[in-house]
Structure formats: C-alpha cells, structure tokens
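Below is one structure; the comments refer to it alone.
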2 protein chains.
Amino acid sequence: MARPRKFDETRAVTAAMNAFWRQGYEATSTRDLTDRTGLGPSSLYNTFGDKRQLYLRALRRYYETNTGEQTVLLAEPGPAKDRLRAWMVQAIDVDLSDPETAGCFVLNAMVEKADQDPDIKQEVRRHVTTIEHALRETVARGQRAGEFGPERDPAAVARQVLSAYYGLRLLTRVYDDRQALLDVVDGTLNAL
Amino acid sequence: MARPRKFDETRAVTAAMNAFWRQGYEATSTRDLTDRTGLGPSSLYNTFGDKRQLYLRALRRYYETNTGEQTVLLAEPGPAKDRLRAWMVQAIDVDLSDPETAGCFVLNAMVEKADQDPDIKQEVRRHVTTIEHALRETVARGQRAGEFGPERDPAAVARQVLSAYYGLRLLTRVYDDRQALLDVVDGTLNAL
DNA sequence: CACGTTTTTGTGCGATCGCTTCAAAACGTC
DNA sequence: GACGTTTTGAAGCGATCGCACAAAAACGTG
C-alpha cells in the first residue's frame, strides 16, 4: 500500500525517553531527539506530533518498563518488609551507581512539568498511584503476616513509605553516603 | 566617581529567584530575567556575569530567606515534635495554597541542575545540610525531653525526617489531598 | 564645569530553538 | 511496471536563545 517504516517505534520512544530522562524536557532539543532516535526531523514529527507528545510517550514508556518493574518487585513472595527494603535499596543503588543516570524519570517530570501541564500531571499521577497501590498491597500483606502492627490504615502507611522513598531518591542527588541512606530505609521500615 | 546604580541588587536577585523558582533554569529566558528584574540586558550581564551565575545568586538568596526561615522555625521553643510538625505542615500548606507557587526552589534545583553542575550541587548541599543540622538539634532536644526514644542516632533520625519532608513536598505536586499528606506527617513523627 | 568612570539604553549579533516543507524513495496493488 | 500512498532525507523557515557592543547618560572629583 505505502512505504513501510524503517524504524521501530518503541525503540524510538525508548531513545527519546533516555534523552528526556537525563536532560529534562527543556534541556532536550529536537536535535538531541533526532540524534538519539536516529530519525530525521520529519519522521519524528510525522510519527509523534511534537516534542510535548513525544515526552508524554516517553513517560508512558517509562511506566511500561521501570514503573511496572517496581510493582513486580513489590509483589514478589516473601516477607513484606524485605520487599519494601529491596525496593528502596535498589532505588538508592541505581541512583548512586552511575553519575550519568538521572534518578527517577517520574520524579523529574513531577518537578519540571507536572504543575504546568495537566496531561503530564495526570500521567505522573498514574505512575505514583500505581506504586502507591502496590505499596498498600504489600503493607496489608505485612500486617496480615504480623510483620507490622495491624492498627494503622494500610493506605496511610503506604503513603508514608512513598514519601520516604521519593525523599531518598532526592537526597541521592546531594548525598553520596550510601550507609546514611540505608539507615533511613531501616528507620522508616522499623517504624511500621 | 562614577555613575551610580539605579537598582537595588538584592531586589534584582530576588526577582530573578522568583523567575527561576517558578519556571526552572532552562525555561527561564534572559528576556524573562530582564522583564522581572526591570534591568536592561547589559546591566544584568554587567552585574551578574551570566545566566548561570545569576542562578547561583538566586539560590543563595533563597538560602538567606526561605532556608534560614526554616531553621528558625525549627529552633523555636516548645516541644520538638510540635516544631517538626509545624515545619512540615507549613511546607504542605505553602505548596497547596497557590497553584502558582512552585514548591521548594532547592528541591527544584536538586532535580534540574545539581547533578550536572558541581557548583550548584555544592550550593544545594549547603541548604540541605543546614536543614539537616537544624533537624538534628531539634531531634536531640526531643530526645532529652523524653519525647522521642533516646536509643537512635539523632543524625539518622534527622535524615529520616528530611527524607519524609522532601518526599511530601514532591507528593504535593500530584496529590491535592491535604489530609492524606498530614497523615504522613503524623505517621512519620509518631515513629520517632 | 570639564574629566574619568561606571551604568544605562538600544540594538542586534551568531547560534540554536521547535518545527515545516518538498521532492525523492520505497513499498503494496493492479 | 505505472499508480497511490506513506516515509524518508535535506534544507531551511521564523522565532527566540544567551549575550555583546557602542554610544549616551549620570554621577564624584578636580
């Protein structure tokens, strides 16, 4: 019928995601995007519309990969406290492992774009609530197993863990003391 | 001796701070800066060097005003737990009060610039450690007063509170449920 | 009130921004 | 293999970017 695409759309979105993730929305130029994706400008704009829509696609791609991975990690069998710890420790180690990585893409989007763009805010909220629900499940599981006190609302506990988690991922930007960050994890989890 | 300045340097830095604070570094143009400060481009560049240095000045200005205020708030007399709560609740209310406000400037700087610019990283770290020290003092005070268990290292507890605090200020970007955020405050403080 | 010094004002530099255009190229279909 | 359709590649659009420059203006000093 017509000329077929030479590139894989998902690969292009992933490449764009990595650019936005590391540099942020504003600091990523269309030139960066064409370079990283390997697409010409017309292919890129013909396929994705404009920079903003590609950013949204990148966020959704992050959901499918990283955010999804996190819920899987939390839902794995074993003591709930171990799951929560593994989840938080992994985030710390990812953030500290490579100075080139830029932490959590969702966190970056929250700060840079969420309050000026309703669509981005909604997409970011989707990520956060998904993790929050996975946390609630894990907390409830811990309560049923007697790991945590059963008196508190699992949803409130989940949000508390979530706050500590995002706070930690922020602190990795200025702290390089891994042990200090791990102490925060222990302090947070022991309080449940 | 020479022609005197027509503008107040501190006022100009403050105006620039508000621009960077709300829009971020990249999204703030030199045009924005000249408009908000009221200075012509050459006055601005003659005084501050370039955009990046003005951004650093804006961060330092934030330290003098907002960050300093926070340490004062924490050091006020009364129960330590009340000080910590007032500090966190105020942040939540500031973030939720006006959709025009952009949360915490230091937090924004951490995400947008800290890991690509060593000077900015150092400046941001100065803010964070200042608050951390104030927190440590407050926690130690609470331990002496018997409000908190004395067994834990005040420094570790301070970092835990700090994580929850920054996590909260992030969640205000996507949550508008004030009560849920206040529950996190209570959960965090009751765990000490 | 001329002089030296610094700031201000106005203009605009070269580069880059996000994005568009257009013709050539690459398919499936007949 | 001509046709219709879509993608690709190359070039470049107007606008804006961060910043610089030259001349005029505003002071303290002699």
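Data table
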item: Exam field: B:THR129 pseudo-label spacings to other copies (7 Å along Cα-Cβ), nanometres; result: 4.1
item: At most 10 other Cβ within 10 Å, DSSP loop - GluC sites (Glu not before Pro), region A:122-192; result: A:GLU151
item: Cα-based helix-to-principal-axis angle, B:80-97 vs chain B, degrees rounded to 10; result: 40 degrees
item: Net +/- balance of residues flanking B:LEU84 in space, Cβ distance below 14 Å, scoring K and R +1, D and E -1; result: 0
item: Alpha-carbon centroid distance for the pair region B:116-192 / region A:29-106, whole angstrom; result: 27 Å
item: Length released on extending from A:ARG85 to A:THR129, taking residue separation times 0.36 nm less the Cα-Cα span; result: 13.9 nm
item: Chain B - percent relative contact order, Cα under 8 Å, separation 6 or more; result: 22 percent
item: Candidates B:MET88, B:MET17, B:MET110: whichever shows maximal mean-square fluctuation once chain B is modelled as a Gaussian network with Cα springs under 10 Å; result: B:MET110
item: Under 22 Å from the Cα of A:LYS121 - lysines, other chains or at least 8 residues apart; result: A:LYS51, A:LYS113, B:LYS113
item: Degrees between helix A:154-171 axis and first principal axis of chain A (Cα, 0 to 90, nearest 10); result: 60 degrees
item: Cα-based helix-to-principal-axis angle, B:118-144 vs chain B, degrees rounded to 10; result: 30 degrees
item: Estimated dipole of region A:1-74 in Debye, rounded to 20 [Cβ of Lys and Arg +1, of Asp and Glu -1, Cα centre]; result: 220 debye
item: Whether region B:1-100 is rounded, prolate or oblate, judged on the alpha carbon gyration tensor where a/c under 1.5 counts as rounded; result: prolate
item: Charge dipole of region B:1-78 about the Cα centre (unit charges at C-beta), most positive-ward option of B:THR28, B:ASN46, B:TYR62; result: B:ASN46
item: Exam field: B:GLU9 pseudo-label spacings to other copies (7 Å along Cα-Cβ), nanometres; result: 5.6
item: Shortest-first distances to equivalent copies, position A:ASP35, nm, label 7 Å out along Cβ; result: 3.0
item: Residue with peak Gaussian network fluctuation, chain B [Cα springs, cutoff 10 Å], from B:VAL89, B:VAL139, B:VAL106; result: B:VAL89
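Every number here is computed from the coordinates shown, using simple stated rules; none is lab data. None of the values given here were measured: they were computed from a predicted structure. Cβ sites come from the backbone with ideal geometry, for glycine too, and all protein chains shown count toward neighbours.
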